[in-house]
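The values are calculated or read from the model by the stated rules, or taken from the named source; none is laboratory data. Nothing here was measured: the structure is a model prediction, and the numbers come from that model. With ideal geometry, Cβ positions are generated from the backbone for all residues, glycine too; neighbour counts draw on all protein chains shown.
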Amino acid sequence: MSKNKNLKNDSEVKERANPQEEIVHLYDRRTFLKLAGFTFAGAMVAGCQQGNIEKAIPYLVKPEEITPGLAYWYTSVCNGCNANCGVLVKNRDGRPIKLEGNPAHPISKGGLCAVGQAMVLSLYDSKRLLNPVVQGKETDWQTFDASLKSKIEEVKRNNGSVRFLTSTVTSPTINASIHTFLSQFKDSKHIVYDPLSNSAILDSHKKSFGLRTLPKYYFDKAEVILSIDADFLATWISPVEFSNAYRSARKLNGEHSEFSYHVQFESRLSLTGSNADKRIAVSPNDYKNILLELTDELEKIAGVKNISNAFQPIIESNFKRKLINRLWKSKGRSLVVCGVNDIQLQILVNYLNSLLGNYGTTIDISAPSNQLKGSDEDLAELQNEVQTGKVAALFIYGLNPAYDIPDAKNFSGKLKELPLVVTFADRINETAEVSGFVCPEPHMLESWNDSEPSNGIVSIQQPAINPFGQVRPLIECLVSWSGKNQNAVDIIKETWRNSYFKLQTKEKDFQKFWDSALQNGYIEYSHAKKITSGFSKSSLNFIKNDSTLSESELKLVLYPKLAILDGKHAHNPWLQELPDPITKIVWDNYASVSHLAAEKLNLSEGDIVSIQTAKGSIELPVHIQPGQNEKTIAVALGYGRKGTDRFTNIGPNWLEARPTVEKGSLVGKNAFHLLEFENENVKFSGIDAKITKLRGKYLLASTQEHHSLQEPKNVDVLNGQARPIVQKLTLEEYLKAPHTQNLRKAEHPSLWPEEHKYTGYHWGMSIDLSACTGCSACVIACTAENNIPVVGKDEVYRNRELTWIRIDRYYDEETGELSISHQPMMCHHCDNAPCETVCPVLATVHSEEGLNQQVYNRCVGTRYCSNNCPYKVRRFNWFDYEQEDEMQKLVLNPDVTVRERGVMEKCSFCIQRIQEAKIKAKIDGTVLKDGNIKPACQQSCPAQAITFGDINDNESMISKQIKDSRYYRVLDELGVKPSVGYLKYVKNSSEEEKVNG
Amino acid sequence: MADNYSILRKPLILGNKTYSDVTHDVCAPFEKKSSIAWWITFFAALSMLIVGIVAVTYQIQTGIGTWGLNNTVGWAFDITNFVFWIGIGHAGTLISAILFLFNQKWRTSVNRSAEAMTIFAVICAGIFPIIHMGRPWLAFWVIPYPNLRGPLWVNFRSPLVWDMFAIGTYFTISLVFWYVGLIPDLATIRDRTKSKIKKFFFRFFSLGWNGSNRTWSRYETVYMLLAGLATPLVVSVHTIVSWDFATSVIPGWHTTIFPPYFVAGAVFSGFAMVLTLMLIVRTVFHFEEYITIKHIESMCKIIIATGGMVGLAYATEFFIALYSGNPYEKFAFINRALGPFAWAYWIMVFCNIVIPQFFWWKKIRTNMILVFILSIFINVGMWFERFVIITISLSRDYLPASWANYIPTSVEIATLIGSFGLFFTLFLLFARFLPMISIGEIKGVLNYGKNSHGGSK
């Protein structure tokens, strides 16, 4: 104490000559040791903290409906494409993190495609446009509105022509708003064009039935489906809806099986074609011939003769007879669809359908679809007007005409010269770049909207997050330019009050009506118009005799790819990295050619070629595609989008890393400029083309290196059988013995003591290969649910993709025909898991419920488990995978750990969902019911191919499927006892026909 | 001179050496200044080691992704190197322990270096299981130790845990065995050196050796016991390493023949490496009279024998694969011979089956340059054997959709170079600071093959 006194006198201390000496006196030995001890201990405690702890401020006033940690679900509608599937938005702590199909929604019935699943990522795209732009400068709405209004006044004064160019708008409110907005101008027109145009279908119905309408197709009612190049399971009109319907017409129920017969004529191998019972690869030139040939045969049976066009019979006669028989037998229960944008073909298809009596049964034009309304003719007219300088003001919404229309370059050049161009866009895209005014268009998850994808079904799109920046929906913009100020939701409500509310009688109070619509996500009202006119034979006059069937060597087919579509989603890395369901290639488009053509042209995979058409040329790497017609080159649209060079360095950055996108180039190449008009329609298929080989090679990254279940020819010296990994049956075989008990071989007696008792639940999964179309919705669903990072093209090329579920696609020759199978593959949660025994640190362990669990924290990363996995479904974190866009971290699911580098991961059967359901059941004091738990993959599957449940529950779907005669397990003979099984693929093939025909 | 030798037995040590000659000759390399040749080789080895250190540092910093591995091929260069180096070590133990127990007197000239080689090879091997982990900083988790994580134990069913025990035991026993054998020689150096530091150092490590009858007798007992302990390790270590593969379900790995096959292969490769090293040592350090043609020939003969076993194992494996009726197994083997990695398979067959056959000819066995070249071939062949087993089997297993190619990256190649760098650096340091030939034991066999006139002068 006495020594401490010295301290008190500050001045004294300062005056000391030797302060060091004083310090020695300040502390005696014990105090020093004590202090030193505290200091070191303190430093150690401080050192134990990992990084800075940032202060988290809890809600001062908690929003009424949000409990942190609980998910809230909102109904909405997807606008990833025009199909407008109903969705449920999962919201956690104020941010949407997942989209799921709304099971009640009449369009999608619970499924949601890959694009829909990925839409949530686009919300957090930091490259989105968030402020209005005037003449290339970001500004605020006041300035924007003021200068735009003065421009509009000018146009009005000069009586200038106003054109409103949109893609198909399914929203009744937007349509009405545009209509109202345009009505203030003397010369105005709303022009609708779809980049993936199917205008010919509508045009043909105008000719055949006097109604320019897109019919509604009912694949569920069709017993025989004849598709001419319509990729209805992947990209055509409404794939989720069609997949669901298609699947429900192919039910295997023992003797009560109803299984449609699907024939596909197509030039490239499409996903739909890969599912067909009979697929014939033909040149795009032959479509007309085929339709004429079939029409001729059917006319013979029907005893009419309305068509006299010449054709060359090219369909193999035996098959043709059987097909005609089937079609005729299923009169009124068959369906002919055609995905070619050619009016002559479409009229022929209409005629075939009317001959077969399908109108009113499998095809409905009385309550038609609104999913596509575009008119190629209108676009051509507009292009003409723009060219001649007639247009004074052009508004562009939902379309990117500087990129995705024929002659886009020319058009975009002209846009700059127009007095007023207003574009609604989510980013500065090709069109926005040349527009004077750009309105930032909100994402579907941050704005109100509505949609009527098919007459009688109306859904509400409700926001699930406060809008980012200053985005403002189109309807608000239009109202504000008319001098009013109204919220989108009020405008929509007004529309509804004046229309749909009046169409019903059940609800007297509008608010209640609105609330229930919001809760369900949709309303239905009966709409059917009376169709009086039948098929007008005069429309057949449009079918011309082709003077010279041009035997030109090669035909170019431009097609949309499942995930990218028209390029709208090119900025979404999930979709860019989704393996194409057929080629399994990621991050690129390419020129697909057949083996024969490649041989003839001396091309091999990855060679760079130049494709020349009348409209221009394109340089692309070659992909050799089995099942493709030899005279066809297929190129995907939607690539080469502006700004996709942002992905150059996506993925890990290390010594030997190759960039995902070459410096100075974009993801893929734009092929829209090769489109041309023919007979007033935009021609996508059958464009005359030449191909020249250029120097150089290009790496195409594919998730699959080997494509056949047969051993490679040079190794297969003993002529081995194809591996029984995908097992197939013909319908005939199935029907013969549908009830024989499961043919699975009895299990070998095991020396291994029964280790796991599974006294409670025992989770299992089965996948119906017959139902699975390979659409890959599950892959994105899993990516979104389980925080799976994007790894970039180079990592995929190195076979290091991280997706927990993959779809193995095999090409095999069966009796001379290419047979394609899709097999979803994920962790099999084996009861005798080979991975579990080899992990040295017990980082992968078996749960009491049969789950094979990966403990990330414990994993040291020996990869032994992955080596020992016969299914090779384990995924390793080779690097730390940083987000290309930091903001996209907001999409992460807080229920799932983000894995660090060096640890193994794999499918967990969505254990977070299992736990959530179990906890909920426990709180509610109920028991888990079968179907209460749906892993993300199962939930999203449009075809309901995946079943998950408790094997111990005898009544569960999964238990029933295990007893199904089609049930088998992959690599059963290894004795690993997987919890995932498959239902054999059933093909309605020709053997069966012999019996019937 | 010739008169001193027996007509019945060939001598083990030539040159009519006296005891003092032996001490002098063996101590010469580390008592003189290092030769330029030593410095050049040392810097070469050190440079290789530095390349490896840079590569491993980069890899640990960045991620295992800097290796060419992928979802399908989870192990390639890493575990190939590991098994290769472990195999190299085996010859040392075989020479020092088994040949000792069998009273093979000729072993005395090579056992010290062979044991040193074992230790260095095990060090090289031991690095790979650690750096091949995704999170090598947690490598200690494979060791069972009391902890606060539950307590969370290791998985005793995992062959990797067995590996950890096997390698740990092997390294410890080898090190102790080598050190015990060194004690009399350390005492010799202690007595000869003039440097104070050296004297202090060697005094400490020679544990007060005084050369008395009693010390010798105790020494020999301990040595015998350790030889007995080390003997089962020759078999067990590589057996356990082979279980990494044999207990798995992957076709090409899941093979019951692996334990004997791996042991034979290990001895085979180990002797090849001993030959490579000894031929250099004998020339560079002028030990031709200690490591004689007879030694080289004996080792060549062992290579013929073990090479034959390895060849038989290849044939058996292949035959069983075809005979088994298991299509995956069958494919795995045909794929080795005809698939995309066929070149690796045929390198292996050529180096491991064809090359040893040259040793049937005495002319080749006694031509040191040829033996040296052939021994290198075998080293290469045995590296490829492990590569073939590990990588080819993984790259094409059950589901064709997940088959994948494998291409090593520069980082992996640098790591392999680095492991050789480490091995040679350690060996050169050993040559510089310790007696490469067991002085004490050589003196014991000096009179072997001499007649009554030739005994100690």
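Every residue, every condition in (1) outside the structural domain of A:Y246 (by TED's automatic domain parsing); (2) of a type in the set (A, V, I, L, M); (3) under 19 Å from A:A943 (Cβ atoms); (4) crowded, with 24+ Cβ neighbours inside 10 Å, yes or no:
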| site | (1), (2), (3), (4) |
| --- | --- |
| A:K736 | yes, no, no, no |
| A:P749 | yes, no, no, no |
| A:L769 | yes, yes, yes, no |
| A:A781 | yes, yes, yes, yes |
| A:V796 | yes, yes, no, yes |
| A:I805 | yes, yes, yes, yes |
| A:H828 | yes, no, no, yes |
| A:C839 | yes, no, no, yes |
| A:H846 | yes, no, no, no |
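Residue by residue, here is whether (1) surrounded by fewer than 24 Cβ atoms within 10 Å (Cβ to Cβ); (2) at negative phi; (3) touching a residue at least 40 places away in the same chain (Cβ under 8 Å) holds:
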{"position": "A:I543", "(1), (2), (3)": "yes, yes, yes"}
{"position": "A:L556", "(1), (2), (3)": "no, yes, yes"}
{"position": "A:A563", "(1), (2), (3)": "no, yes, yes"}
{"position": "A:G567", "(1), (2), (3)": "no, no, yes"}
{"position": "A:E577", "(1), (2), (3)": "no, yes, yes"}
{"position": "A:K584", "(1), (2), (3)": "yes, no, yes"}
{"position": "A:W587", "(1), (2), (3)": "no, no, yes"}
{"position": "A:K600", "(1), (2), (3)": "yes, yes, no"}
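Does A:N832 satisfy the condition of being under 19 Å from A:F909 (Cα atoms), surrounded by fewer than 22 Cβ atoms within 10 Å (Cβ to Cβ), within 14 Å of chain B (Cβ to nearest Cβ) and not hydrophobic (A, V, I, L, M, F, W, C)?
yes
Between a residue in segment B:401-425 that is over 18 Å from B:I131 (Cβ atoms) and any residue that is among the basic types (K, R) and assigned to a loop (DSSP other than H, G, I, E, B), which pairs come within a Cβ distance under 7 Å, given they are 6 or more apart or on different chains?
Once the first residue is over 18 Å from B:I131 (Cβ atoms) and sits in segment B:401-425, its partners that are among the basic types (K, R) and assigned to a loop (DSSP other than H, G, I, E, B) give B:S402/A:K872; B:W403/B:R396.
Sort out which residues of segment A:865-889 are surrounded by fewer than 18 Cβ atoms within 10 Å (Cβ to Cβ) and of a type in the set (A, V, I, L, M, F, W, C), and write them in order of number.
A:M887
With A:D140, A:D187, A:D203 as the choices, which residue is among the acidic types (D, E) and either assigned by TED's automatic domain parsing to the domain that holds A:I343 or within 30 Å of A:Q939 (Cα to Cα) (or both)?
Sole residue among the options that is among the acidic types (D, E) and either assigned by TED's automatic domain parsing to the domain that holds A:I343 or within 30 Å of A:Q939 (Cα to Cα) (or both): A:D203.
Within segment B:323-343, is even one residue aromatic (F, W, Y), closer than 17 Å to B:T80 by Cβ, part of a helix (DSSP H, G or I) and out of contact with any strand residue (DSSP E or B) (no Cβ under 7 Å at 6 or more places or on another chain)?
Yes, there is a match, as at least one residue in segment B:323-343 is aromatic (F, W, Y), closer than 17 Å to B:T80 by Cβ, part of a helix (DSSP H, G or I) and out of contact with any strand residue (DSSP E or B) (no Cβ under 7 Å at 6 or more places or on another chain).
Taking segment A:698-709, which residues are more than 8 Å from chain B (Cβ to nearest Cβ) and part of a loop (DSSP other than H, G, I, E, B)?
Hits for segment A:698-709 are A:Y698, A:L699, A:L700, A:T703.
Identify, please: which residue in segment A:777-815 is in a loop (DSSP other than H, G, I, E, B) and more than 14 Å from chain B (Cβ to nearest Cβ) and is, among those, modelled with the lowest pLDDT?
By that ranking, first place goes to A:T815.
All but one of (1) buried (at least 24 other Cβ atoms within 10 Å of the Cβ); (2) hydrophobic (A, V, I, L, M, F, W, C); (3) more than 9 Å from every other protein chain (Cβ to nearest Cβ); (4) without any contact (Cβ under 8 Å) to a residue 24 or more places away in the chain hold for A:C907; which doesn't?
Tallying (1) buried (at least 24 other Cβ atoms within 10 Å of the Cβ); (2) hydrophobic (A, V, I, L, M, F, W, C); (3) more than 9 Å from every other protein chain (Cβ to nearest Cβ); (4) without any contact (Cβ under 8 Å) to a residue 24 or more places away in the chain, A:C907 fails exactly one: (4).
Pick out the one residue from B:A337, B:A321, B:A313, B:A344 that is closer than 17 Å to B:L394 by Cβ, small (G, A, S) and touching a Gly at 6+ places or on another chain (Cβ under 9 Å).
None of the other options fit; the residue is B:A321.
Restricting attention to segment B:76-109, report how many residues are more than 13 Å from the chain's Cα centre (by Cα) and over 30 Å from A:G861 (Cβ atoms).
13
Quick check: anything in segment B:11-24 crowded, with 18+ Cβ neighbours inside 10 Å, in a helix (DSSP H, G or I), more than 14 Å from every other protein chain (Cβ to nearest Cβ) and of a type in the set (A, V, I, L, M, F, W, C)?
Within segment B:11-24 (the criterion being crowded, with 18+ Cβ neighbours inside 10 Å, in a helix (DSSP H, G or I), more than 14 Å from every other protein chain (Cβ to nearest Cβ) and of a type in the set (A, V, I, L, M, F, W, C)), the answer is yes, since at least one residue qualifies.
What's the total number of residues in segment A:393-410 that are farther than 21 Å from A:D145 by Cα, surrounded by 21 or more Cβ atoms within 10 Å (Cβ to Cβ) and either more than 29 Å from the chain's Cα centre (by Cα) or not charged (D, E, K, R) (or both)?
The total comes to 8.
Is one or more of the residues making up segment A:835-849 modelled with pLDDT under 95, within 11 Å of chain B (Cβ to nearest Cβ) and touching a His at 6+ places or on another chain (Cβ under 9 Å)?
Yes.
Can you name the number of the only condition in (1) at pLDDT 95 or above; (2) surrounded by 24 or more Cβ atoms within 10 Å (Cβ to Cβ) that B:V51 fails?
Here B:V51 meets the rest and fails (2).
Conditions tested, residue by residue: (1) of a type in the set (D, E); (2) on the phi > 0 side of the Ramachandran plot; (3) touching a helix residue (DSSP H, G or I) at 6+ places or on another chain (Cβ under 7 Å).
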{"position": "A:E430", "(1), (2), (3)": "yes, no, yes"}
{"position": "A:F437", "(1), (2), (3)": "no, no, yes"}
{"position": "A:W448", "(1), (2), (3)": "no, no, yes"}
{"position": "A:P453", "(1), (2), (3)": "no, no, no"}
{"position": "A:C477", "(1), (2), (3)": "no, no, no"}
{"position": "A:E494", "(1), (2), (3)": "yes, no, no"}
{"position": "A:K512", "(1), (2), (3)": "no, no, no"}
{"position": "A:D515", "(1), (2), (3)": "yes, no, no"}
{"position": "A:N520", "(1), (2), (3)": "no, no, no"}
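Kindly indicate which of B:F268, B:F245, B:F258 is crowded, with 20+ Cβ neighbours inside 10 Å, more than 27 Å from B:F433 (Cα to Cα) and either in contact with a Lys or Arg (Cβ under 8 Å, 6 or more places away or on another chain) or within 14 Å of chain A (Cβ to nearest Cβ) (or both).
That would be B:F245, the only listed residue that is crowded, with 20+ Cβ neighbours inside 10 Å, more than 27 Å from B:F433 (Cα to Cα) and either in contact with a Lys or Arg (Cβ under 8 Å, 6 or more places away or on another chain) or within 14 Å of chain A (Cβ to nearest Cβ) (or both).
For segment B:54-110, give me each residue that is at pLDDT 90 or above and among the charged types (D, E, K, R).
B:D78, the sole residue that qualifies.
Of the numbered conditions (1) surrounded by fewer than 19 Cβ atoms within 10 Å (Cβ to Cβ); (2) in contact (Cβ under 8 Å) with a residue 60 or more places away in the chain, B:L312 satisfies every one except a single condition; which is it?
So the condition that B:L312 fails would be (2).
Quick one: A:E900 ticks every box in (1) more than 9 Å from chain B (Cβ to nearest Cβ); (2) surrounded by fewer than 22 Cβ atoms within 10 Å (Cβ to Cβ) except a single one, so which number is it?
For A:E900, the exception is condition (1).
Please work out which residue is nearest to the other protein chains (Cβ to nearest Cβ), limiting yourself to segment A:850-859 and to residues that are of a type in the set (A, V, I, L, M, F, W, C) and surrounded by fewer than 24 Cβ atoms within 10 Å (Cβ to Cβ).
A:V855
State all residues of segment A:860-874 that are facing chain B (nearest Cβ under 7 Å) and either under 14 Å from A:H829 (Cα atoms) or part of a helix (DSSP H, G or I) (or both); if no residue qualifies, say none.
A:Y864, A:S866, A:N867, A:N868, A:P870, A:Y871, A:K872
Which residues, counting only those in segment A:312-348, are hydrophobic (A, V, I, L, M, F, W, C) and farther than 16 Å from A:D229 by Cα?
Once the filter is applied, which keeps residues that are hydrophobic (A, V, I, L, M, F, W, C) and farther than 16 Å from A:D229 by Cα, segment A:312-348 yields A:I314, A:F319, A:L323, A:I324, A:L327, A:W328.
Give the residue, chosen from B:G74, B:G87, B:G92, B:G65, that is in a helix (DSSP H, G or I), crowded, with 24+ Cβ neighbours inside 10 Å and within 14 Å of chain A (Cβ to nearest Cβ).
Just one listed residue meets the conditions, B:G65.
Criterion first (more than 9 Å from every other protein chain (Cβ to nearest Cβ), crowded, with 17+ Cβ neighbours inside 10 Å and under 30 Å from the mean Cα position of the chain (by Cα)) does A:L666 satisfy it?
Yes, satisfied.
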